[in-house]
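The values are calculated or read from the model by the stated rules, or taken from the named source; none is laboratory data. These figures come from a predicted structure and were not determined experimentally. As a convention, Cβ positions derive from the backbone with ideal geometry for all residues, glycine included, and neighbour counts pool all protein chains shown. Remember, those area values only see protein heavy atoms, side chains included, never the ligands or the DNA or RNA. Shrake-Rupley method; radii C 1.70, N 1.55, O 1.52, S 1.80 Å.
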Amino acid sequence: MAREETYSDSDTPDLTQFQKNRFFKGKLMTPRDMEAEQAYHAERLHTINRFLNGKGIVHGIEVQSVTETGDGLDVTLTPGLALDGNGRPIVVEQVTTKSVPMPADDSVYLFLEFTEAAMETIPVPDTEGAVADDTASNRAVESFTLTYHETEPDEVAATPDVEIPNLQSDDFTPETLRRLLAEQCEQKQLTRGTTGPAVFIGAFERTPDGSWVPIDDAPARPVVLDSEFLFSVLVDHVADTDNPHRTPVTKEPMDVPEDVDEIMDALEGLQAQVETLQDDRRSLTRYVMRKTIKDRIRFFEELADRVQEQSGQASQLARGIVDRSREDLQAVRVREEDYEDQLDALIDPLVELGDHLEPVTTEESLENYLRAVSNLQAAVEERRSLLDQVDAHDEVCEAADSLEVLLNVVPMDGN
């Protein structure tokens, strides 16, 4: 039976109310009912993606290379995830090479488009001539096609036209800014999702020697900004007490008080400001230290689960780091010295874990991990700033998360 057209298949989706099955005893479930059940969940997910997240790259999907063949171009993509203009996820599950016809011009703008491919052909029993075909596909896999344009797209990575009020005006209040931004956001949402569904992934041009290279001034790829990224930007902004907006600063001449009382009042005011800044710094420092320890617990707990089958000893060491980190989380206070001592004591377990990971992980990912551990050790031994040590610590956690475990490895002793 041919699949009925649904919201998920449309290239120009409109907002519609969601319809779902109503179940009751004795209900005869037909293919139409089953498709309605799938469409209900898909439509809700796609609508939320479309209006809350937008269109673009979520993770990965880099153009690794573009090479000419006898009749076109071979484009190699790295794995990743994107959302198209209809809110549908596009997954590239492994390094993939797709072919496109040879362009007439010397430049191409590459796009990914959502598709479905039928698979698992099975026989269909004929019930009194009710079916038109003897076979039908039993599954449909959500895939993608690679397409290209030879002219620059207009809609890619458009920057919203947001008007920021004059913050120095006498009538400015935080409520004024909130209301203005809310109004502009509302206007922007009226046009959300009206562009085409294809996702732009890169632009390339042919050089005189026949190779294809990225276009320097090409439009930026649209990117879906996840909550973790936006939160990190906010934390970085709040933590930058020097000059977060990088604006020119000119010192105004200080008014010199004329008598001792005025001088004492001014000093008391400055002292109060200094104490407030010190309290803010202590709060932020404690938050940053505790957040990095929580990240360490999460990443190494996941690593312990991933290497359990290949190396019980490596898994046990990773869980030991998790247990130590939980103790660190309870012990850490405002003092930066406590955090530095904890990192110093963490180096040896990290190095020992790397020794046991060598037989069960890829060489490149293990080198990245060991390099990050070495950088953390240098940061601690050289007593670098807290932010430098936090950065080095986060690199270790990211490297542990990126360790690629080898498959079909004979389990090591200790399982």
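Numbers below:
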{"read-out": "Karplus-derived 3J(HN,Hα), 6.51/-1.76/1.60, for each residue of the stretch 371-378, Hz, glycine and proline x", "value": "5, 5, 4, 4, 5, 5, 4, 5"}
{"read-out": "Spread of Cα-to-Cα distances over 10 Å intervals beginning at zero, given as percent, for the stretch 268-402", "value": "12, 41, 28, 11, 5, 2, 0"}
{"read-out": "Listed peptides 209-219, 390-400 by packing density, highest first (mean Cβ within 10 Å)", "value": "390-400, 209-219"}
{"read-out": "Karplus-derived 3J(HN,Hα), 6.51/-1.76/1.60, for each residue of the stretch 345-355, Hz, glycine and proline x", "value": "6, 7, 4, 4, x, 5, 5, 4, 4, x, 4"}
{"read-out": "Karplus-derived HN-Hα couplings along the stretch 287-294 (A = 6.51, B = -1.76, C = 1.60, θ = phi - 60°), whole Hz, x at Gly and Pro", "value": "4, 5, 4, 5, 5, 5, 5, 4"}
{"read-out": "Order of exposure, largest accessible area first, which applies to H149, H356 with probe 1.4 Å", "value": "H149, H356"}
{"read-out": "Computed over the stretch 268-402: relative contact order in percent, which uses C-alpha pairs under 8 Å that are six or more apart", "value": "27 percent"}
{"read-out": "Förster radius 30 Å - calculated FRET efficiency between H149 and Q38, Cβ distance, rounded to 0.05", "value": "0.40"}
{"read-out": "Residue-level accessible surface for T151, protein heavy atoms, 1.4 Å, Å²", "value": "100 Å²"}
{"read-out": "Long-range HN-HN contacts of V124 with modeled amide H, under 5 Å", "value": "T135, A136"}
{"read-out": "Accessible area in square angstrom per residue, the stretch 268-402, 1.4 angstrom probe", "value": "54 Å²"}
{"read-out": "Cut-off under 5 Å, modelled amide H: who pairs with I61 long-range", "value": "T78, G80, L81"}
{"read-out": "Modelled FRET efficiency - R0 30 Å, A140 with T67, Cβ distances, 0.05 increments", "value": "0.45"}
{"read-out": "Accessible area, probe 1.4 Å, largest first, for residues F18, F200", "value": "F18, F200"}
{"read-out": "FRET efficiency, Q330 to V351 (Cβ-Cβ, R0 35 Å, nearest 0.05)", "value": "0.90"}
{"read-out": "For T76, solvent-accessible area (1.4 Å; no DNA, RNA or ligand), Å²", "value": "20 Å²"}
{"read-out": "Debye, to nearest 20: dipole size of the stretch 268-402, +1 on Lys, Arg Cβ, -1 on Asp, Glu Cβ", "value": "500 debye"}
